[in-house]
Amino acid sequence: MTRLPPALQPLWPAAKVAHRAASRTAGRVTRSLPVSPDRAVPATATLTSTQTAATEPDAVRVHRCGPPEHAVRDLPVGTPHAMRFWGEVRELEVPERFVLEVADGRLVGDYAATITPGGRLDLQTSPYFRIRGWQEHPIYLRPRLPEATPLDGTTLSLSSQASGRNYYHSLMDTLPRWGVLQEALPGTRPDHVVVSHRTPWDRQLLAMAGIDAHRLVEPVKHLSVRADRLLVPCLNNHHTLAPRWVTQWLRDHLPAQRVSGRPTRLFVTRGAAPHTRRFVREAELMTLLAPLGFERLDPGAVSVQEQIDHFAAAEVVVAPHGAGLANLNFAPAGVRVLELFAPRYLNPGYWAITDNVPDSVYRYLVADPAEPDRPERRMLNVQDDIDIDPRVVLAAVEELLAA
């Protein structure tokens, strides 16, 4: 989800290119400004936490836990067939899980950039959307860092580039990092947890995982804290490709509670506001799907637990691409999914989650004018609405039901 107002969402691809260029250009200046060491932006960066620990061994440690993961997923079936996009994202390489520990470590910004006492940016725990190197990190748009607030004891960072942005990132990025902490350092009870808790879904998820029992710090734009002991679990969900352990962890720790009596065929709506990836002809589509037993679900209108329960009961899910589909993590074995896309924006996230569910069946349908040879790196029209003939969708649903 971008942060541009809805009316300006179509400008996002150009805005992102400009943002990266501005960070590169500004960084050449901000890294050389004569400011005190406590306020200076990071002079350099390391690409991996292992490199960071090797560079500053007296202050930085890496606590390793879960093993790396390699997977090659079967290409999904859909229209158009054999899109180049899917071939470029079918292979998943996930590094081992770990927690980075930094003595006298610093967190900066709503993206929670990790900075060592030596003034080094740890890029592996400080990623940012579609940057092509540490010099493009938006921390370099700052002439100097905000004055740091000291935090005693142990501070845990669960925040990242996507903090507070949408339900998908809260579920897939934030919560599993809590699981990594418990895996790497069992029994650790932090004195502070830097994590977004402004939205209703964040507050509900934190309560469900028991994280709200700790002292919470909101990762706002001008956040700057210095921790006696900083713990930063890795972000393992690279490129929204859903490692299998993430789905399993969520199923284990956020179980469904009331599944009986809920509909087994769902159409998941995105609402009616323009530039939100809504399905434009939703009302017409629902008149065709209702006779097949489909019911409309608006995830934003129900609690997180109700979303989980609805998806745990769902045997078939039809939906435009959107964050509510993160609940496919809780779908039963054998679930069937049809995901609807706009022509210029595909995302592999919910195909990957569906593939983690045993015996599942996934199909996609891309609106015209689809571009079969369009590479993954050019999928930038994030908020385009979806307009597909409802009769075409119905035919794809019938094919899915017969699969």
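Does Ser170 fit the bill of being in the same structural domain as Leu223 (by TED's automatic domain parsing), of a type outside the set (A, V, I, L, M) and in contact with an Asp or Glu (Cβ under 6 Å, 6 or more places away or on another chain)?
On the way: in the same structural domain as Leu223 (by TED's automatic domain parsing): yes; of a type outside the set (A, V, I, L, M): yes; in contact with an Asp or Glu (Cβ under 6 Å, 6 or more places away or on another chain): yes.
Yes, satisfied.
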Just the residues that are crowded, with 23+ Cβ neighbours inside 10 Å and of a type in the set (Asp, Glu), please, taken from the range 117-149. Asp122
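For the range 230-247, check the following and say yes or no: at least one residue is more than 22 Å from the chain's Cα centre (by Cα) and closer than 30 Å to Thr48 by Cα. Give the steps one after another, and end with the answer.
Of the residues in the range 230-247, the ones more than 22 Å from the chain's Cα centre (by Cα) are 230.
From what's left, closer than 30 Å to Thr48 by Cα: 230.
Within the range 230-247 (the criterion being more than 22 Å from the chain's Cα centre (by Cα) and closer than 30 Å to Thr48 by Cα), the answer is yes, since at least one residue qualifies.
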In the set Leu151, Leu121, Leu141, Leu156, which member is among the aliphatic types (A, V, I, L, M), touching a Leu at 6+ places or on another chain (Cβ under 8 Å) and touching a residue at least 12 places away in the same chain (Cβ under 8 Å)? Leu156
In this structure, does Val302 turn out to be without any contact (Cβ under 8 Å) to a residue 12 or more places away in the chain, over 18 Å from the mean Cα position of the chain (by Cα) and more than 23 Å from Leu92 (Cα to Cα)? yes
Being surrounded by fewer than 17 Cβ atoms within 10 Å (Cβ to Cβ), under 17 Å from Tyr111 (Cβ atoms) and not hydroxyl-bearing (Ser, Thr, Tyr) is true for just one of His214, His222. Which residue is that? His222
Please go through the range 40-54 and pick out each residue that is farther than 14 Å from Arg144 by Cα and assigned to a loop (DSSP other than H, G, I, E, B). Leu47, Thr48
Residues being over 13 Å from Ala213 (Cα atoms), free of Cβ contacts under 8 Å to residues at least 60 places away in the same chain and either touching an Asp or Glu at 6+ places or on another chain (Cβ under 9 Å) or not in a loop (DSSP other than H, G, I, E, B) (or both): count how many of those fall in the range 181-195. 1
Go through (1) crowded, with 22+ Cβ neighbours inside 10 Å; (2) over 22 Å from Leu151 (Cα atoms) and name the single condition Thr114 misses. (2)
Given the criterion modelled with pLDDT of 95 or more, crowded, with 21+ Cβ neighbours inside 10 Å and of a type in the set (Asp, Glu), identify the matching residue among Asp191, Asp202. Asp202
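Got a number for residues in the range 18-39 being within 23 Å of Thr149 (Cβ to Cβ), out of contact with any Leu (no Cβ under 8 Å at 6 or more places or on another chain) and touching a residue at least 60 places away in the same chain (Cβ under 8 Å)? Steps first, answer last, please.
So the first thing to find is which residues in the range 18-39 are within 23 Å of Thr149 (Cβ to Cβ), and the list is 30, 33, 35-39.
Filter once more, keeping what is out of contact with any Leu (no Cβ under 8 Å at 6 or more places or on another chain): 33, 35-37.
This time we only want the ones that are touching a residue at least 60 places away in the same chain (Cβ under 8 Å), so: 33, 35, 37.
Qualifying residue count for the region: 3.
Within the range 143-175, can you find the residues that are in contact with a strand residue (DSSP E or B) (Cβ under 8 Å, 6 or more places away or on another chain) and either assigned to a loop (DSSP other than H, G, I, E, B) or within 18 Å of Ala209 (Cα to Cα) (or both)? Steps first, answer last, please.
Taking the range 143-175 and keeping what is in contact with a strand residue (DSSP E or B) (Cβ under 8 Å, 6 or more places away or on another chain), we get 145-159.
Passing the criteria: Leu145, Pro146, Glu147, Ala148, Thr155, Leu156, Ser157, Leu158, Ser159.
Looking at this structure, is Pro76 in contact with a helix residue (DSSP H, G or I) (Cβ under 6 Å, 6 or more places away or on another chain) and at pLDDT 95 or above?
Numbers: in contact with a helix residue (DSSP H, G or I) (Cβ under 6 Å, 6 or more places away or on another chain): yes; at pLDDT 95 or above: yes.
Criteria met by Pro76.
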One residue is enough: does the range 271-286 have a residue meeting the conditions within 20 Å of Leu181 (Cβ to Cβ) and either surrounded by fewer than 17 Cβ atoms within 10 Å (Cβ to Cβ) or within 23 Å of the chain's Cα centre (by Cα) (or both)? no
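Could you pull out the residue among Ala323, Ala319 that is surrounded by 19 or more Cβ atoms within 10 Å (Cβ to Cβ), closer than 24 Å to Arg281 by Cβ and out of contact with any strand residue (DSSP E or B) (no Cβ under 9 Å at 6 or more places or on another chain)? Give the derivation first.
Values: Ala319 fails: out of contact with any strand residue (DSSP E or B) (no Cβ under 9 Å at 6 or more places or on another chain).
The conditions single out Ala323.
Quick one: is Pro42 closer than 30 Å to Ala395 by Cα, at pLDDT 95 or above and surrounded by 13 or more Cβ atoms within 10 Å (Cβ to Cβ)? Before you say what the answer is, go through the steps one by one.
On the way: closer than 30 Å to Ala395 by Cα: no; at pLDDT 95 or above: yes; surrounded by 13 or more Cβ atoms within 10 Å (Cβ to Cβ): yes.
Against the criterion (closer than 30 Å to Ala395 by Cα, at pLDDT 95 or above and surrounded by 13 or more Cβ atoms within 10 Å (Cβ to Cβ)), Pro42 does not qualify.
The values are calculated or read from the model by the stated rules, or taken from the named source; none is laboratory data. Keep in mind the model is a prediction, meaning the values are calculated, not measured. Positions of Cβ are generated from backbone atoms using ideal geometry, with glycine treated the same way; all protein chains shown enter the neighbour counts.
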